[in-house]
Structures are given as C-alpha cells and as structure tokens.
Amino acid sequence: MPATNAAIWFSSDGYDPKARGINGRRVAGESFLRGFFNHADVDEFVSISHTQGDHAAFARIAAAQGVTRPLRAVRLDAPGGLPPVEVVSYPAPISSVECWRRSPHGAAAWALCGITHTTATRNVMQTLFELRSAPQMPWDAVICTSRAVQASVRRLMELAEVHLSRRFAGASLPPRPLLPVVPLGINCADFLPDAALGQGLRDRIGAGPRDILAVTIARLTPDEKFDPLPLFLAMEAAAAEVAGQGGGKLHLVFCGQFKEPGWEAIFAEAAARLMPSCGYHLLDGGNPQDRKATLSGGDIFVFPIDNLQETFGLAPIEAMAAGLPVIVSDWDGLKDSVTPEVGFRIPTELPRPGLSTYISQRHLGGTDGYVQYLSQVSALTPLDLGALRRALVTLALDPGLRARMGAAGQARARALYDWAAVIPQMQALWAEQAAMLAHARQKGGAALAPLPAGLVPVGPAVDEMFAGYPTGFAPDDRRLAATPGPTLAPAEMFGLRNYASRRRLVEDPTRLASILAAYAATGPDGATEAEIAATARLPQAVVARAALWLLKYGYLTEIP
C-alpha cells in the first residue's frame, strides 16, 4: 500500500522528549510515531534521516511498540531509495530546504507533507514565506492542526504572495501547498483514570470528599503558556460563591515543570495573595505518576490559554479522554476541540488592529526576543473573568453536569482525537498527494524537469559560486605521478591532520593509499584520472577527489 504510506523524516529532536526535553512539539511527535506504528495500514515503515543513529532510534521506537512489519532506512542524501513510497512526512512546516533538496530529482520525484506546531516564531514565519518562493509544488501539504491555524498560515501565504507579486511584477505564482485541517492525536487508553491514584492525590493535598479540584497539566511559564493570575482571581471569586451555596473548598492543582526556577516562588506568592480561600498545589509534570494522578483525581480541567505559542492544545484532549469536563479559553485549536457538550470556552480578546504592530516590529527587528514578544502580547490578551468564574461555579456545584460533560468528552476524544481516527486521515492525505503526483507525471512539462544539483540557488556547487576564488580548476586530463622519497603513509597524514574530529572524511584513508599505490605503479610517466579509474575499478570522480588530497600533501606531482 505505498500510495497511503509516507517515509518519516526522522530526527530525535522531533520525537524524543525524554532525551531532548519536554515540549509540545516533541510530545506530539512521539505520540504521532506511536500512533503511526499502531494504526497505520502499511506494508513497511520507512525512515529517512541524516544518520544511522537516527535510523537506529526510529527502529528502537518501533520495537518498543511491538512492530513486526519490515523497517527500511533511506539516507537523506540518497533519496532515490524512497520508492515505492511517494511522500515524505516532515515533523514541522515544510522547510524550503526540503523543496530544494528534491529539485535535482525533479519536482514530482516525491511529495512533502509537513505539520504545524507553534507558528509564532520568526523562524516559522520565515519558513512559510520562503516556501512560496521555493520550488514548492501543489502536491505538497502543510497539515494545519486547527481551523484557526489554517487561517493564520493562509494569511501568511497571502502576505508573501502580495510581496512577491509586487516585487516581480507580472510573475505568475504557483499554487499553494495543500493546507488540510487534521488534528493532533493521542492514545485515549493511556489516559483512562486510575481511581487509586486519584484518591491518593486527594489524600496527599488534604482534599475532602466535597472539595473540588480544578487541575491542569501544562508548562508552568506565564510567558509561553498562560498567565495564572487571572485564573487565581476567578478561582477566588468562584470559591466565595460556591461556599455561599453550601459547596466544598476549591483547590487548584498545577502539574508541570518550571522552565525558569524563579517562577515557582512567583506563582506561589500570587496564589497566596489572590486566592487565599483556595488550596494551591504543585505536582511534577515530568513524573508520569503525577500526571496520571492529576487527571484521575481532578474534578475540572482548566486551560485558560492566552498565548500565541499555543496552536492546538493536547492537554484538554487528554483530560477529555480521562473523563473530565474542561474549561478552556476560546483560542486557536480549542475552538475546534471543545464543544458545549464537553465543557466551556471562555471568550478572549486580542488588541484591535494597529495597537500591537510595534510589538511585532520589535520582534522582527530583534529588539525583543521571542519570549518577550509572547509575553507582551499575552499581557494584552484578556479573558472574560466573569465567564471563567461562572464556569467554575457551575461545574463545582453540579456533579451531574460534570459527569455528563466528562462522558461526552471521553466519547469525543475517542471518536475524533484517538490516533486510530487520526492516522487514517493522514493516510488519506498521503494518498491524495500520491494521486496528484501521478497526474503530474502523466501530464509532464518543463516545471517537473530535474534541476542540475550544482545549480540549486540556495546551495550551488563550489565551482559555481566560488569560481573567482582560485587560480584555476583541476583539469581532468593531466598526468600525475607518485612523488619519490620517504614520507608519512596517507593514513598517518590523515590522522595527523585529525580529519576524524569533524566526523566527515573526504575519503577513506585505505582507499587513498590504494589510489596512491596505483599511481606509483605507473612509474615516472604517471597516469591520468581515467587511467587510474580503469585500473582501480573506481569511478573517475572518486579518483579525482583522492588525487586532489594526495596533491595537497605532496604525495603526487603533476607531470608537465
């Protein structure tokens, strides 16, 4: 089933949160890979990567998931090994580099499929702009994880196209890539509640049977996730109303990790001053038991996002799978995932047009860093505190509503966000891309012709870009002879220069020695590259590169 398969562009940075650090992109990547191995309807699993180490890491993850189907590794610098697979799945928005990497093989050699995570960084914005000026093709795709993100990516491309049309008047812009909306997924079974762990959490924090635990699992930074102070204010207001109606005490449980240790004390002081009537508790987001306990012991999941860093929101999906009602901000992907049946969406605002342009300009120019940019926009992004208070009160006082919303959330998570439902959507997209490729190849045309590898404009051959640097170029018809006299063996010279420290060898020292021996066997008259290539049964290009190295260190001499 090659038409519905994709080679996974694999780097541990995109899929290994344990080794590289927990963030949304890596957690989503690891979850996708597990879902892909468990639910993909394919004959083989194909990885495409820079290094054997990455291929090995891909194989280890596959083994951990009990994969028994064949694995196939394709070198990133030898993509001719991709067929019969037609699509490369990239763990981020498609890089223009990947389009240029494809160009020497032809624009219809394979299709690229990327995915959005955070789109607020300058790097991602630049990537999406460059995509419109790179050899991106209409059979390429950038999966948008929500309708809100799709709208923002589309707007970025519109702005790029306006610029390109003005810059190159009369130029005909190629079609955009496909921009389908496909959500991130989870393995719902991983989040089924554990009653013992949940009760253990409640006992640990001293919560009584009638107390209400509002919980969240998130990165604990107000600059890159959400500002907790408005939530503290709403919790205190809700606590007074709940107590006035005979309800139990409210507790707020944060399960996460502080990226910067100083925030822990700031959070604690703010909680003590702004919601003194509520319990405030911290759990370790890096501890799987604590994460499980948080979702098992909570009554309400809160996720009041006010940050451009967020694009989808996996944590509320996990909470839904655990059977919790959710209170989220009306923000990006949460607009899609949280319906009135499963929880409450709290209205949000951004500054009206013109008020925040200076913030974007400072970010673009480098005056402000990314976190400063996010923090300033967050400071100007209010949530409706009254609506947040009312949602907390409503759920705190109505256990029946909590149960109904929790059950609806579980059903919604299983139907729409389990990898068993999401992976077929991705495979259908890859099949569409493969069909577009087949049609393009049948139609043909100059636009599909391979671009000579040396003429790729963002990475041309050395001889193209630096032709004015040297005295001249190495000719292919000169005669070279071995230099007489004792000297270090090529392997010794190679070691002395310590080429291995850069982990890139111009040539294997053993082959260098054999090519030198071939030249030495020709005597003082020497030989041409072609003659040595024939004798040594090697490609002439290999001999030519080896000869340059041997000339550099005096092993060969040019015969006039």
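The values are calculated or read from the model by the stated rules, or taken from the named source; none is laboratory data. Computed from a prediction, not measured in an experiment: that's the story for all the values here. All Cβ positions, even for glycine, are placed from backbone atoms using ideal geometry, and neighbour counts span all protein chains on display.
Assorted remarks:
- Filter pass, ALA453 being touching a helix residue (DSSP H, G or I) at 6+ places or on another chain (Cβ under 6 Å) and not aromatic (Phe, Trp, Tyr): yes
- In segment 97-125, of all residues being surrounded by fewer than 20 Cβ atoms within 10 Å (Cβ to Cβ) and of a type in the set (S, T, N, Q), the one that is farthest from ILE8 (Cα to Cα) corresponds to THR121.
- Scanning segment 231-241 finds no residues that are surrounded by 22 or more Cβ atoms within 10 Å (Cβ to Cβ), out of contact with any strand residue (DSSP E or B) (no Cβ under 7 Å at 6 or more places or on another chain), assigned by TED's automatic domain parsing to the domain that holds MET320 and outside any helix (DSSP H, G or I).
- For segment 381-402, the condition holds for at least one residue, the condition being that it is over 30 Å from GLY247 (Cα atoms) and touching a residue at least 60 places away in the same chain (Cβ under 8 Å).
- Here is the figure for segment 135-179: residues that are over 20 Å from the mean Cα position of the chain (by Cα) and either crowded, with 18+ Cβ neighbours inside 10 Å or not hydroxyl-bearing (Ser, Thr, Tyr) (or both) total 22.
- Look at (1) farther than 30 Å from ASN38 by Cβ; (2) part of a helix (DSSP H, G or I); (3) aromatic (Phe, Trp, Tyr); (4) at pLDDT 90 or above and you find that TRP430 fails only one, number (1).
- Residue count for segment 29-50, restricted to those that are part of a loop (DSSP other than H, G, I, E, B), in contact with a Leu (Cβ under 9 Å, 6 or more places away or on another chain) and either at pLDDT 95 or above or more than 23 Å from PRO84 (Cβ to Cβ) (or both): 1
- The requirement of being more than 17 Å from the chain's Cα centre (by Cα) and without any contact (Cβ under 8 Å) to a residue 40 or more places away in the chain is not satisfied by PHE191.
- Boolean, PHE303 is under 27 Å from GLY208 (Cα atoms) and surrounded by 23 or more Cβ atoms within 10 Å (Cβ to Cβ): yes
- When residues in segment 496-528 are screened for being out of contact with any Lys or Arg (no Cβ under 8 Å at 6 or more places or on another chain) and assigned to a helix (DSSP H, G or I), 20 of them pass.
- Given (1) closer than 18 Å to LEU451 by Cα; (2) modelled with pLDDT under 95; (3) in contact with a helix residue (DSSP H, G or I) (Cβ under 6 Å, 6 or more places away or on another chain), index of the condition ALA111 fails: (2)
- Test: ALA407 is in a helix (DSSP H, G or I), modelled with pLDDT of 95 or more and more than 30 Å from GLY244 (Cα to Cα): no
- Subset of segment 27-52 that is farther than 19 Å from THR4 by Cα and touching a residue at least 40 places away in the same chain (Cβ under 8 Å) - its residue that is surrounded by the fewest Cβ atoms within 10 Å (Cβ to Cβ): VAL27
- Any hit, segment 260-278, residues being surrounded by fewer than 18 Cβ atoms within 10 Å (Cβ to Cβ) and aromatic (Phe, Trp, Tyr): yes
- In segment 441-472, the residues that are assigned to a loop (DSSP other than H, G, I, E, B) and within 19 Å of GLU98 (Cβ to Cβ): ALA449, PRO450, LEU451, PRO452, VAL456, PRO457, VAL458, GLY459, PRO460
Let's see how each residue does on (1) in the same structural domain as ILE300 (by TED's automatic domain parsing); (2) more than 18 Å from ALA413 (Cα to Cα); (3) assigned to a helix (DSSP H, G or I); (4) within 27 Å of the chain's Cα centre (by Cα):
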site	(1), (2), (3), (4)
PRO316	yes, no, yes, yes
LYS335	yes, no, yes, yes
GLU341	yes, no, no, no
SER360	no, yes, yes, yes
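- Filtered residue count, segment 463-505, keeping only those that are modelled with pLDDT of 90 or more, within 42 Å of the chain's Cα centre (by Cα) and among the aliphatic types (A, V, I, L, M): 2
- Flag if VAL302 is at pLDDT 95 or above, among the β-branched types (Val, Ile, Thr) and within 32 Å of the chain's Cα centre (by Cα): yes
- Looking only at segment 452-476, and only at residues there that are touching a residue at least 24 places away in the same chain (Cβ under 8 Å) and within 28 Å of LEU516 (Cα to Cα), the one that is surrounded by the fewest Cβ atoms within 10 Å (Cβ to Cβ): ASP476
- Those residues of segment 477-495 which are assigned to a helix (DSSP H, G or I) and surrounded by fewer than 16 Cβ atoms within 10 Å (Cβ to Cβ), in sequence order: ALA491, GLU492, GLY495
- Pairs with Cβ under 6 Å, 6+ apart, first in segment 504-525 and closer than 14 Å to PHE494 by Cα, second part of a loop (DSSP other than H, G, I, E, B): LEU516/TYR555
- Flag for GLN361 being of a type outside the set (Val, Ile, Thr), buried (at least 21 other Cβ atoms within 10 Å of the Cβ) and within 24 Å of SER378 (Cα to Cα): no
- So LEU252, is it among the aliphatic types (A, V, I, L, M), within 29 Å of the chain's Cα centre (by Cα) and not in a helix (DSSP H, G or I): no
- The residues listed here are PRO183, PRO193; of these, the one that is of a type outside the set (Lys, Arg), part of a loop (DSSP other than H, G, I, E, B), modelled with pLDDT of 95 or more and under 28 Å from CYS144 (Cα atoms) is PRO183.
- Total residues in segment 31-56 satisfying the condition of being polar (S, T, N, Q) and within 13 Å of TYR15 (Cβ to Cβ): the figure is 3.
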